[in-house]
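S.K.: Handing you this structure, nothing more for now.
The values are calculated or read from the model by the stated rules, or taken from the named source; none is laboratory data. Every value quoted in this text rests on a predicted model; they were computed, and no experiment measured them. Because the Cβ atoms are built from the backbone with ideal geometry, glycine has one as well, and the counts that use them run over all protein chains shown. Calculation scope for accessible area: heavy atoms of the full protein, side chains included, ligands and nucleic acids excluded. Shrake-Rupley method; radii C 1.70, N 1.55, O 1.52, S 1.80 Å.
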Amino acid sequence: MIKALQIFERSVFWAALGAAMLLMVIMSGVSFYQVITRFVFEQPSTWSEVTSRSLNIWMVYLGLVAAFRTGSLMAVQMLVQKARGLPRLILLALITGITLGVLVVMFWYGWEMAYRVRFQTLAGVDNPLTGSGISIAWVYAAIPVGAALSAVAVVAKAVEEFVRIRAGIYLDDGDAPAEAQVREI
């Protein structure tokens with residue numbers, strides 16, 4: 001069961017991280033295009049700013065998956081590193097529970113917002129295939145998608161830590177840089 005979770009989580013991790021990096025490249029290109037049209041040609045693009053902002057939102061919420069998985073976000077590390085055995089398990093369970101609670105709230109309200117704005121369209125951006133507007137719900141959908149994928153990362157990291165603690169192996173996240181943790185994954 002743990003092996004299946006690890007395989008699924010690794011797939012989610014690499015897909016989310018790859019998509020976030022791709023979105024960053026596209027966002028940079030769109031932003032560069034906006035600067036060129038505005039300051040060189042003096043004919044500002046109507047779609048590039050909204051598109052760049054939307055891509056940035058998706059990039060952040062997909063990148064959140066990698067941040068949770070590698071432990072790059074702020075945490076109560078001093079307490080966790082000092083604790084051993086059962087107190088460390090309790091702290092880990094508490095932190096994981098609170099984090100999952102926040103992600104559930106993000107998912108719920110993100111879903112609600114995406115549903116509420118489904119009939120609104122992005123200003124200045126038209127669907128190139130149909131010519132109609134693009135719903136702003138696609139931008140808001142980044143919140144529940146990012147929260148759901150982040151929950152997978154949080155659960156996988158917690159399970160991995162529980163297994164290590166139960167085995168008596170105490171790897172402190174502060175000992176290894178995030179890059180080493182990504183290679184480990």
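S.K.: List the residue pairs whose Cβ atoms are under 9 Å apart, where the first residue sits in the range 114-131 and is within 12 Å of Thr51 (Cβ to Cβ), the second is among the acidic types (Asp, Glu), and the two are 6 or more positions apart or on different chains.
M.R.: Gly124/Glu49
S.K.: What tally of residues in the range 29-56 results from selecting those that are assigned to a helix (DSSP H, G or I), surrounded by fewer than 18 Cβ atoms within 10 Å (Cβ to Cβ) and β-branched (Val, Ile, Thr)?
M.R.: Total satisfying the criteria: 4.
S.K.: Can you name every residue in the range 17-28 that is of a type in the set (Gly, Ala, Ser) and either open to solvent by less than 40 Å² (accessible area, probe 1.4 Å) or closer than 13 Å to Ser54 by Cβ (or both)?
M.R.: Result: Gly18, Ala19, Ala20.
S.K.: Sticking with this structure for a sec: Which one of the conditions (1) modelled with pLDDT under 90; (2) part of a helix (DSSP H, G or I) does Met74 fail to meet, given that it meets all the rest?
M.R.: Every listed condition holds for Met74 apart from (2).
S.K.: Taking into account only those residues within the range 57-66 that are in contact (Cβ under 8 Å) with a residue 60 or more places away in the chain and open to solvent by less than 30 Å² (accessible area, probe 1.4 Å), which is nearest to Ile98 (Cα to Cα)?
M.R.: Val65
S.K.: Within the range 83-121, count every residue that is at pLDDT 90 or above, open to solvent by less than 40 Å² (accessible area, probe 1.4 Å), part of a helix (DSSP H, G or I) and not small (Gly, Ala, Ser).
M.R.: Looking only at that region, the number is 3.
S.K.: Just name the residue that is farthest from Met27 (Cα to Cα) out of those in the range 155-172 that are crowded, with 18+ Cβ neighbours inside 10 Å and touching a Lys or Arg at 6+ places or on another chain (Cβ under 8 Å).
M.R.: So, considering only residues that are crowded, with 18+ Cβ neighbours inside 10 Å and touching a Lys or Arg at 6+ places or on another chain (Cβ under 8 Å), the one farthest from Met27 (Cα to Cα) is Ile165.
S.K.: Moving on to the next point. Could you please find all residues in the range 122-142 being of a type in the set (A, V, I, L, M, F, W, C), open to solvent by 60 Å² or more (accessible area, probe 1.4 Å) and at pLDDT 90 or above?
M.R.: Trp138
S.K.: Going through Gly110, Gly85, Gly71 one at a time, which residue ends up being touching a helix residue (DSSP H, G or I) at 6+ places or on another chain (Cβ under 6 Å), of a type outside the set (Asp, Glu) and on the phi > 0 side of the Ramachandran plot?
M.R.: Gly71
S.K.: So, one more: Exactly one condition in (1) buried (at least 16 other Cβ atoms within 10 Å of the Cβ); (2) within 24 Å of Arg10 (Cα to Cα); (3) among the aliphatic types (A, V, I, L, M) is false for Val80; which is it?
M.R.: (2)
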